[in-house]
Every structure is written in C-alpha cells, then in structure tokens.
Amino acid sequence: MKTSIQKLRKYFRLEAERGYDNKAVMGGLRNMLSSWEGEARADGLPEPIIQAVSSRLRDYHRLSEESRKVTLVGLWRRIQREPSIAAELKEEAPTPGDSPTPGEAPTPGEAPTPGESPTPGEAPTPGESPTPEDSPTPEEAPTPGEAPTPEPVPQLAPESPPPSPIPQVDMQAPVTEIQGVGPKRAQDLEHLGMTTVQEMLYNFPRRHDDYSKLKPIRDLEYGEVVTVIGTVKKASTRTARSGKMQLAEAIISDKSGALRVTWFNQPWIAKQLQQAQHVVLSGKVEQYLGRLTMSNPEWEALDETLLHTNRIAPVYALTKGVGQRWMRGTMHKVVVDFAPYVADPLPQEILGKASLIPLPGALSNIHFPESEKHLEDAQHRLAFDEIFTLQLGVLHQKQVWQGKTGRVFKSPNYWLAAQLNRLPFKLTKAQQKVLADVRNSLISGHPMNRLLQGDVGSGKTVVAAMAMLIVTHYGAQAALMAPTSILAEQHYESMREVLIGTGSELSKDEVRLLIGATPAAEKQAIREGLAKGKVKVLIGTHALLEDNVNFKDLQLIVIDEQHRFGVNQRGTLRRKGENPHLLVMTATPIPRSLALTIYGDLDVSVIDEMPPGRQPVETYILYPKERERAYSLIHAQLEQGYQAFIIHPLVEESDKIEEKAAVEEHARLQEEVFPNYKLGLLHGRLPDDEKEAVMTKFRDGETRVLVSTSVVEVGVDIPQATVMLIEGAHRFGLAQLHQLRGRVGRGEEKAYCLLIPGKAEAAENERLLAMVKTNDGFELADLDLKQRGPGQFLGTRQSGYSELQLANLTDIRLIEKARRHAQELFKNDPGLSLPEHESLAKIVKMIWPEENGGDIS
Ligand code: ADP
Ligand code: MG
C-alpha cells in the first residue's frame, strides 16, 4: 500500500483509539499536512484526494470530537472510493490483531449500527472484536472497498420508503463528496454557506418556476408576474437618451408573439442573450408606449432537459462564479444521491398524527417537486420541523426548571387582603388574575419562572411589589433589577408606599436602593445588611450583579424590562440565591402566537387591562406642513406647566449622523421655536451617565421639552409630560411607536401623541393610521408581526429564530400544532430517552445547550 495512505490509516486509527482528541500527531493532525502532501504527490495520489484531506484536516482542531469522527470517517470513505486505492486496500491482507473482521478495512467507526452514525464510544476500537450488537448483520455490512454511497436512483421516488437495507450515508460529508464538486466549487459553495452535504440539502430554493404554467406572450396581461420562454430575436445595447445609463434591450418571441425587454445598467446581458438563444424570463409585465414590456426580469438560458424532466424547477441563491444551471444540476445530484437516505428524526407516530410526509420525501420535493401539492407538503413538513425543534428546546428548558425544588411561600387570603387594603386603589381584574398566577407559582414547590407582560402603565409594578411582600413575610429576601438608575429610582420611589407605608411589615432600613451613584459608605452598609439578612428588599441596577453583593437568603428576583438584560446577567443574579423564584416583566406586548413559541419555557401572565380612569392618548397624524400646529399645541401645554417630548426621526446611516442631526434640531427648536423654555437633548452617543442626567433633569422639570432620538424608550415615568411629538414617524415600527407613545399619558391629564411623517403621502401609512385607531398594544403588536415579521420581538432570543427558513412565525396553526406534538412527546418520554427519540434528543442538545444552566434569554 502507498505509504501516504498507510500513514493516514495509522493516524486515523490512533485518533479513533484516543477518542478523537487530536493528539495522534504531535501538535494536532494538521501538523502532518505539509509533509504528507509531498508524500501523497510522490505516491501519485489523485489531486482531489490530496485537496480533500488537507482541506478537512486543516480545520480539524476546531471541530468537536463528534465532528472530528465524522470527518475522519468521511475522509476515509472518500479515499476508499478512489478506484486505484480501493484495489490496493482490497488486496492487502489483514495483519493479525489489526483488523476487527478479516477482510474489512478497520477504519475508525466503520462498523456502526446501520442507518445511524455511531457515537465515539461505540466505535469498535481496532484490535478489539466488536460485540455482537455492534456488528452489522451480513446483508447490511458494507463490503470493503465498495463505494458506500448508494447508486444514484434513476428517478426521484420521494414518498416510497428508502430502499432497505439503508446504506450508510454521511450527511456531514464535505461537499467535495458530491460528484463534480472539486476544491474550487467547494469554495464557491462555502460562500453560499454550505460545506457539507447536509447544508446543501437544507439550502432551500428561493422560489420555484413552474414551467407547466408558462404563458404564451400573446396572453400576457399588464401588471402580472409571469414566466415566459422564448427565442432571442434581437439583443443589443444602447445609451439611454437621458445620459449615462446603459440599456440592454432584447426582443423575445414565441409562437404567439414578441415582447420587448430592457435591462438597466447591465450592458453585458446583451451579449449573453445573443449566445443563449433560448431563454426563460420571469418578471412583471409593464407597459411602455402602449406595448407590453418587461424591465429587469430575472432570466436564464433555457435548460431544455430541465424543461422536459422537471416541470417545477427550483431557483437557488447564487454567488459569483456559480450559475443557476450548475447549481440546479448539482442540487439534483445531491437530492438524488442523499435525500432518500436521510434518517428521519421524527418518530413514525408523530408523522402519522400530524399528517406529515417523511423527511426524505420532503427534502426531495422541497427542491424538485413532482407537483404543486408535493411542494406544499414538503414545505409544511420542513416548516413543522423548524418550529418543532424550537418547541422541544423551550419545553426541555421548562422541564429543567420544573425539575428543581423551590421554596414554598404561602400567602393566606386574610393576610393578603390586609396588604391590598393598604393600597390607594383596587387592583384591576387583570392584576388580580396575575397576582393569583404568581401566588400559585410560589406554592408550587418549584421555582417560579414567569414572564409578566403588560402594556406601559398597566400596573405591573404593584404586582411585583406584592410578590416581594409575600416572600419577605417569611423572612426571605427579594431583589428587583432595572436596566437604568433612573428606572431603579422610580421603582424604589413607587414601591416604598406599598412596601414600607403605614401598616407594612417592612421598615425603611429593610428596603434599599443600590445604584452606581450610591455613596461608597452606604453601599458598604447595604452589602452588610444583605449578608446578615437585615436588608429584605434590594432595588437597583447592574450594581446588584457585583461579586461583593451577597444575600443571606434570596428567594425572589424581579427583572424589569427583561429584554434589556442578557442571559448571563440574569444567570448571575439567580446564582446569588438557591433556586430563587423569578418574575420577569416586559412592557413590549408580544403577540400570543409568538409568545408561545419564544417564551414557551416560561409561564406567561398578561395584564391586558388599564387601571380605571386612564384616558387613551389622543393621537393625530399631521402633514409636514402642519408642523406649526404641533408646536402651538406644545406651547399651550407648556404654558399650563406640562412637558413635552419631541422625537427626532431615525437616521439610518449612523449614530454619528443621527447625533449631528439631533443636535441641530435641538438648537433650532431652542432658538426659533421655544426660546422661553429650556430644552434637553438626548441621543444614543451620550455616555450612559449623561443620558441619565438628561432624563433626571427632565423628570425634575428643569428642562421642559426633551428633544430625543428613539433612545428615550424606556419605562421612565414623567407624569407631567403630556405631548409626544414624533418626527419622521413613518420610519418607526408600530411596536416602537407604541412604546414612544407610552411615555405620555401616565398622569391624570389628557395626553397627545402627534405623528408627523417625513413625506405628506406617508400620512396614509397603514401603521400611522393604526396608531390613531387604537391604544391597545397587543392589537398593534399583532399588526406589526404581520407587517414586519417576528425579528423585532425576539430581543436576545434571536439565535434559533433567525435560522427559520420556511416557518412563518405568524402561522399560529402551525405553531400550535408543533407545540402540541412536542408537549405530547415530552409527556410520554420526559427525558427523550427512548431509542426512537434519540436523534431528537441530540437535536435539542445541539440547539439549546445547557451551558446557561437552563436560563431563559
Ligand atoms: P407599568 O406596568 O408600566 O410598570 P406601573 O406599575 O408603573 O405601570 O403603573 C402605572 C401607574 O398606575 C402607577 O402610577 C400606579 O400607581 C398606577 N396603578 C397601578 N395599578 C392601578 C390600579 N389598579 N388602579 C389605579 N391605578 C393603578
Ligand atoms: Mg414599569
């Protein structure tokens, strides 16, 4: 055998023996590459093999043990498949003790259970006889030296079960395993985000062109989006009359008629068209001088074979150097060679109950659908998978929580009634309901893990304060963390009444505020009080997270504006107690469908009712030329002693430009519009403490108008503020507009929100009209979800959701279906430990690693 191959085999075996710790070669496998490549060339190994080995081993050290194994197994297969090498390996007589089964090349992990990739521990170590369970049954055993890749199936037969015995196909194999993909193409594919076969299978087409529904040119109608096939009759370039622009023009004809097509600024297209002759165009039919035309349609040279073999053809995202035709051809190979052998992680039972097609068929049909219906079924199945795995993740997290013990805190009715009687108001129905939820959690024996949602001003604080009272009633401690000092101060002020007012069980010294600005001596006293258990309630900012802040018995944590904190920060605070109860609050209304998906690991309570007597903020849209009217309303309010916010439009380019614009606007308003009042200025580039100083001055009435960029949207209470003027309102999303509006109308007085879009026509903007129509944050959130998608609601939970390719988070039926099945699955197999759930368990581990200790994000 060639020495270079022998060497590889030696190292690969050694790695397998060592559990893939990358120490078979001193300094790691990549260290052998430079000498090995030379030897391999001297041995006359084919260049693609050399490239495959070196490109995969170069990054070997970065891989997990599992992936390393997959890499080596895949590489070895690749090598075995090379005819010249295969022949040699076959000839070679096995050395005693070297090979588990005579005649079989003992490469790492080569004798796994069929259809399933072995875990490192299961791989038969060389020199050791595999146990009977490990050893493949005769008909399933891969014949040595034979290509393990299945013979391409002649036709896509997606819904028929994969042929049995199931050949072992490595979905993690590098793209170079695909016929026709060499190192250069592999690089192109990498640009498109694909390095493995699996990634290619999951590279879903951007769209499909249905060639069975082609329209003859004669039947085209103005305004429709169509696909047309025709012959290029003429293609040329010219310079547009107006000036520098280059136009490529062509006339495309079919038997029924001809169509004029123009591309702007892509003169090279003319030449390509001349060469192509037959083309497929898709785009919108327009009209020019009474004739139908198309501008800038997507186009490609017609692939006759495709037209005849696949009526519905996939269209893929491309990159430089990768054409649609090549991509489609390659994807076809991938689908034919691999899709039928993909193991379906979903148990048969769920497939049946949820009416889902098996994964191999879904993966075939998402690319090369047999019919429209097949495509829909494939999309549905794969979208289900996306949501289902996320649901498994959140439910698993929930289980982690529920597996822990939490201290029980009872709150007898008579005692609670007495506490509630001390409040200056009666709780709303919604508040009572939420308080009941919280009380239930506190006696459940498990740590509470609850999200409290409620629009700005709905009265979340008092619920949190009651929860704190319950816990401190039994001598334990509670902490509230807010994202800014000014918010922490505000909570401290507003909670004092509830916590230490007349008849309270807590004294002034037992409720403390800890923020960055707290004097050092006081901080020290607070820390001592906490450690001794004398301080019962601590309200503050990130200052709470510092190492030297230690509690004697922390049992309840409240986090305000939860999206402003990272997972780690919440984790740090939680670790200051022993499985403390957790209540996180948010003023961003999250649509129900989304809350179920994103916060499925939490119990969610909603305050969906405002305290009585609260007047909705009166909202108006003003045309830009009506700005003076807005200013005069503000003047009138200022004269009565009230205050106003003026929000400066979002400037997308950069913070710096936004700052400049805000500074100029502030100067203009101060000098020209409100010379008799003091105006504050707030923007994102101010350091945090300056931002807070500006807010404090405004809160204290030192400045009467606050000119601000959108950074002002935190829950600060300025009861005297009655006007919110938003410039460039059309640029903001609904959720944000609603948040901004929530800054006013927090007192008894009538408040106004004035929306001035940048352009007059934007006054008809649907979002702005919705703002006028309703003050209900949930209604607006629903609308926002439909218009702009879920991104904005995800906050720090971005990760898993940004990867959804097919699932639509507004599709509540799909979400509920996936959730129902995930719940059922967990009910029957809480640990996902049944053999049929093994792959699901792996997926859950992969997307929701437990490194945050099961913490929510
Ligand atoms: P948010 O949910 O935005 O945190 P707050 O808790 O700050 O709202 O409450 C807003 C205002 O409403 C506070 O001044 C609070 O005292 C008052 N409030 C809360 N609950 C009620 C109620 N049931 N009846 C009357 N006023 C209430
Ligand atoms: Mg609040």
Theoretical FRET efficiency, 1/(1+(r/R0)^6), r = Cβ-Cβ of residue 236 and residue 326, R0 30 Å, to 0.05: 0.65
For the range 383-425, the Rg and Dmax computed from alpha carbons only, in angstrom: 19.5, 52
Between the range 540-560 and the range 350-401, the Cα center-to-center distance that results, in Å: 42 Å
Carbon/sulfur fraction of accessible area - the range 491-599, other protein chains in place, 1.4 Å, %: 47 percent
Over 18 Å between alpha carbons, listed pairs 460/773; 429/460; 656/691; 508/532: 460/773
Lys/Arg +1, Asp/Glu -1 at C-beta; the range 171-280 dipole; positive extreme among 202, 232, 174: 232
Förster-model FRET efficiency, 22 Å R0, residue 688 and residue 663, C-beta, rounded to 0.05: 0.75
Spacing of the two label points (7 Å from each Cα toward its C-beta) at residue 761 and residue 578, in nm: 6.7 nm
Ranked order, 298, 664, 489 - accessible area, probe 1.4 Å, largest first: 664, 298, 489
Computed lengthening from residue 271 to residue 816, 0.36 nm per intervening residue step minus Cα-Cα distance: 191.0 nm
Residue list for the range 698-733, given a label point 7 angstrom along the Cα-to-Cβ vector of residue 676 and an amide N cut-off under 15 Å: 704-705
Gain upon complete extension [residue 348, residue 520; 0.36 nm per residue less C-alpha separation]: 55.6 nm
Ranked order, 268, 299 - accessible area, probe 1.4 Å, largest first: 268, 299
Spacing of the two label points (7 Å from each Cα toward its C-beta) at residue 317 and residue 609, in nm: 4.7 nm
Cα principal axis extents for the range 431-558, largest first, Å: 42, 31, 31
Relative contact order (%) - criterion: Cα under 8 Å, at least six apart; region: the range 364-503: 24 percent
Fraction of alpha-carbon pairs over 12 Å apart in the range 663-716 - percent: 63 percent
Cα-based Rg and Dmax for the range 235-375, where Dmax is the largest Cα-Cα distance (Å): 20.3, 66
Contour minus Cα-Cα distance for residue 548 and residue 206 (0.36 nm per residue): 117.8 nm
Karplus-derived 3J(HN,Hα), 6.51/-1.76/1.60, for each residue of the range 236-246, Hz, glycine and proline x: 8, 10, 8, 8, 5, 4, 5, x, 7, 5, 9
Overall Cα dimensions of the range 346-389, principal axis frame, Å, largest first: 25, 17, 14
³J(HN,Hα), Karplus 6.51/-1.76/1.60, whole Hz, each residue of the range 816-830, x for Gly, Pro: 5, 5, 4, 5, 4, 5, 5, 4, 4, 4, 5, 5, 7, 9, x
Carbon + sulfur, % of accessible area of the range 740-787 - ligands and nucleic acids excluded, 1.4 Å: 48 percent
Cβ charges +1 (Lys, Arg) and -1 (Asp, Glu), total dipole of the range 323-432, debye: 1060 debye
Two-decimal Rg/Rh across the range 550-703, once Rg and the Kirkwood Rh are taken from alpha-carbon atoms: 1.05
Note, ³J(HN,Hα) from phi for the range 342-348, Karplus 6.51, -1.76, 1.60, rounded to Hz, x at Gly and Pro: 5, 7, 8, x, 7, x, 3
The range 171-247: trypsin sites (Lys or Arg not before Pro) in DSSP coil with no more than 15 other Cβ atoms inside 10 Å: 206, 241, 244
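The values are calculated or read from the model by the stated rules, or taken from the named source; none is laboratory data. A quick note: this is a predicted structure, and the numbers were derived from the prediction, not measured. Using ideal geometry, Cβ is built from the backbone for each residue, glycine included, and neighbour counts are taken over all protein chains shown. The area values use the complete protein model at the heavy-atom level, side chains included, leaving out ligands, DNA and RNA. Shrake-Rupley method; radii C 1.70, N 1.55, O 1.52, S 1.80 Å.
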